[in-house]
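Just below is one structure, and these are the notes that go with it.
The values are calculated or read from the model by the stated rules, or taken from the named source; none is laboratory data. What you are looking at is a predicted structure, and each value in this text was computed from that prediction instead of being measured. Cβ sites come from the backbone with ideal geometry, for glycine too, and all protein chains shown count toward neighbours. Protein only, heavy atoms only, side chains kept; ligands, DNA and RNA dropped before computing areas. Shrake-Rupley method; radii C 1.70, N 1.55, O 1.52, S 1.80 Å.
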Amino acid sequence: MPQIIPIRDLKNTAAISQMCQESTEPIYVTKNGYGDMVIMSMKIYQEKLFLHDIYDKLAQSEADVTAGRTKNAKDSLQRLKEKHNV
């Protein structure tokens, strides 16, 4: 379940930092009852960026397959072996 805190709670930086470290999800900050910003630990942020990169690469791969931009795996591996004398 997402954590939602009012912006005035950001004054207690040590407690907010601890909340971010303990949470596996972003923490939503509201201002005057409306969403204003999102905070999270560096670890969670890096994990999210990593997953986003993987999803982008998968989407591009699926687009390549759909468009017919593929190569035969056996032929490609054989050319690599020949190139690197394996």
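Within the range 31-48, identify whether any single residue is polar (S, T, N, Q), over 30 Å from Met1 (Cβ atoms) and without any contact (Cβ under 8 Å) to a residue 40 or more places away in the chain, and answer yes or no.
No, because not a single residue in the range 31-48 is polar (S, T, N, Q), over 30 Å from Met1 (Cβ atoms) and without any contact (Cβ under 8 Å) to a residue 40 or more places away in the chain.
Hey, any hits in the range 41-58 for a residue that's part of a loop (DSSP other than H, G, I, E, B) and on the phi > 0 side of the Ramachandran plot?
no
Here is a list: Ile4, Ile16. Which entry is at pLDDT 95 or above and open to solvent by 100 Å² or more (accessible area, probe 1.4 Å)?
Only one candidate qualifies: Ile4.
Could we say that Leu51 is open to solvent by 60 Å² or more (accessible area, probe 1.4 Å) and within 17 Å of the chain's Cα centre (by Cα) here?
yes
What are the residue pairs meeting all of these: first residue in the range 57-75, first residue without any contact (Cβ under 8 Å) to a residue 24 or more places away in the chain, second residue β-branched (Val, Ile, Thr) and open to solvent by 80 Å² or more (accessible area, probe 1.4 Å), Cβ atoms under 9 Å, and 6 or more apart or on different chains?
Close Cβ pairs satisfying both conditions: Asp64/Thr70.
Please work out which one of (1) open to solvent by 100 Å² or more (accessible area, probe 1.4 Å); (2) over 21 Å from Gln3 (Cβ atoms) is the condition Ala67 fails and give its number.
Of (1) open to solvent by 100 Å² or more (accessible area, probe 1.4 Å); (2) over 21 Å from Gln3 (Cβ atoms), only one is false for Ala67: (1).
Looking at Leu77 and the list (1) closer than 30 Å to Thr13 by Cα; (2) over 16 Å from the mean Cα position of the chain (by Cα); (3) open to solvent by 80 Å² or more (accessible area, probe 1.4 Å), which single condition is not satisfied?
(1)
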